[in-house]
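**Q** Would you mind keeping the following structure in view while I ask a few things?
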Amino acid sequence: MNADSGPAWAAWTTVVPVAVGPAARERYVRVPIPFSIAPDADGAYPGLRVIDANGTEVPYAIDPARSAPAPRRLTPIDRGFVERRWTQAVFDLGAGGTLVAGLGLEIDDQLRPTYFERVALDASDDRLTWRVVRDDAIVYRVAQDSGRGDQTIAFAPTRSRWLRVRVLDPRAAFPLDGAVVERSDAPAAGLVRVSFAATPVATAAPHQQSWVFTAPAAIRPAAVAFSDAGGAYARHATVQSSDDGTEWSDAGDAPIARFADGGAQTSFAFGERTARRWRVVVDNGDDPPVAGLQPVLLARRHDLVFAAAPAASYRVLAGNPAATAPAYDLGERLAHAAWRADPATLREPVANASYRDTRPIADRFPWLLSGALALVAAVLGAVALRTVRAARTDP
């Protein structure tokens, strides 16, 4: 199936229709950038464009910020470490019944510069009965990657007065100092699972387990998580990346473990880089392979935000490696405004019926230049040989 983007966009190979719900007026919409659209080496998307049904370019922003409200910091009223279970802290939001949909955790980076922790959040109206709001949130920080990370927990809006945060690290107390209340309309950020399954591969070492992820387009994972059959183990895992599947470079490594008393550490973060092939290797030492062990890659989700008119249709264009990043002021304007974006979804990518390769011939057919040079060299060699022979036979 093809879609026609028009002659002005003939250099883009792929068209992704956007499903925008009906509305009575213009508003902002938000769509996640799919992993089938590859970022560049720096994680940016310079070739991305949004157009309407007439082929008119529409300004967009990627992961735009909101005008920051006055921060409301919370100090835990109760904090402690449950040995071999978790670190927990209780926060009192007050009796006002404010609608809250997120917490930004304040963590002492000096005591724990690098971490990747699963976090549970419970809510209570009386501080006696607690209900689980989330048990799968992730907070992380990578000191070796300029402190990149995410300490925000997003959840369904609640008016409960008390919130309890449990950092599910059984090994030691976690340096959780406080929290900042997030706006109720903040987007759900964080890491999402990439949709490419791992393929087990044989290794030269008899006690190693190895898996390879091969994506249709280059991706930038930020963490790996393991599932298992529930048995106890303690191993060391390494994540590697490759552009060609032959030369591999280490992206990160860490211990993974599950203990009989219930403690577990089965995921870790690493420095982001763009590559199509990823390999996960678990070193079992002299122990047998871990039963049921299976890795998944997690990546940061990036959202595309643009203004959508009522009853209009839009398309996202991708697949032009020669395109340079556009310069829109939308992101700067949104950073100084109160706004919200309605969710929209991307349809399946289709080929651009108007596609025409506009690159120079040398870029389109690199073998042509080398072939021409070889031909010229052969002709020059033949001429030189004839000249030498003629010189030898000339009286």
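The values are calculated or read from the model by the stated rules, or taken from the named source; none is laboratory data. Since this is a predicted model, take the numbers as computed values, not measurements. Ideal geometry is used to build each Cβ from the backbone, glycine not excepted, and the neighbour counts take in all protein chains shown.
**Q** Any idea how many residues of the range 289-304 are closer than 30 Å to LEU330 by Cβ and buried (at least 23 other Cβ atoms within 10 Å of the Cβ)?
**A** Filtering the range 289-304 down to residues closer than 30 Å to LEU330 by Cβ leaves 298-304.
Retained after the next criterion (residues that are buried (at least 23 other Cβ atoms within 10 Å of the Cβ)): 304.
Final tally of qualifying residues: 1.
**Q** If GLN209 meets every condition in (1) surrounded by fewer than 19 Cβ atoms within 10 Å (Cβ to Cβ); (2) polar (S, T, N, Q); (3) in contact with a Pro (Cβ under 6 Å, 6 or more places away or on another chain) apart from one, which number is that one?
**A** (1)
**Q** Within the range 102-125, does at least one residue satisfy the condition of being under 23 Å from ARG72 (Cα atoms), at pLDDT below 90 and not hydroxyl-bearing (Ser, Thr, Tyr)?
**A** Within the range 102-125, one or more residues are under 23 Å from ARG72 (Cα atoms), at pLDDT below 90 and not hydroxyl-bearing (Ser, Thr, Tyr).
Let's see how each residue does on (1) buried (at least 20 other Cβ atoms within 10 Å of the Cβ); (2) in contact with a Lys or Arg (Cβ under 9 Å, 6 or more places away or on another chain):
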{"site": "PRO34", "(1), (2)": "no, no"}
{"site": "ASP52", "(1), (2)": "no, yes"}
{"site": "ALA65", "(1), (2)": "no, no"}
{"site": "PRO76", "(1), (2)": "no, no"}
{"site": "TRP86", "(1), (2)": "yes, yes"}
{"site": "LEU105", "(1), (2)": "yes, no"}
{"site": "ASP109", "(1), (2)": "no, yes"}
{"site": "ARG112", "(1), (2)": "no, yes"}
{"site": "TYR115", "(1), (2)": "yes, yes"}
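**Q** I'd like to check something: does the range 132-143 contain any residue that is of a type in the set (Ser, Thr, Tyr) and assigned by TED's automatic domain parsing to the domain that holds ILE256? Even if it seems obvious, please write down each step before you answer.
**A** First pass over the range 132-143, keeping only residues of a type in the set (Ser, Thr, Tyr): 140.
Going one step further and asking which of them are assigned by TED's automatic domain parsing to the domain that holds ILE256, we end up with none.
No, the conditions are met nowhere in the range 132-143.
**Q** Picking from ALA337, ALA318, which residue would you name as being assigned by TED's automatic domain parsing to the domain that holds GLY21 and either surrounded by 12 or more Cβ atoms within 10 Å (Cβ to Cβ) or under 25 Å from the mean Cα position of the chain (by Cα) (or both)?
**A** Details: ALA337 fails: either surrounded by 12 or more Cβ atoms within 10 Å (Cβ to Cβ) or under 25 Å from the mean Cα position of the chain (by Cα) (or both).
ALA318 is the lone residue from the list that is assigned by TED's automatic domain parsing to the domain that holds GLY21 and either surrounded by 12 or more Cβ atoms within 10 Å (Cβ to Cβ) or under 25 Å from the mean Cα position of the chain (by Cα) (or both).
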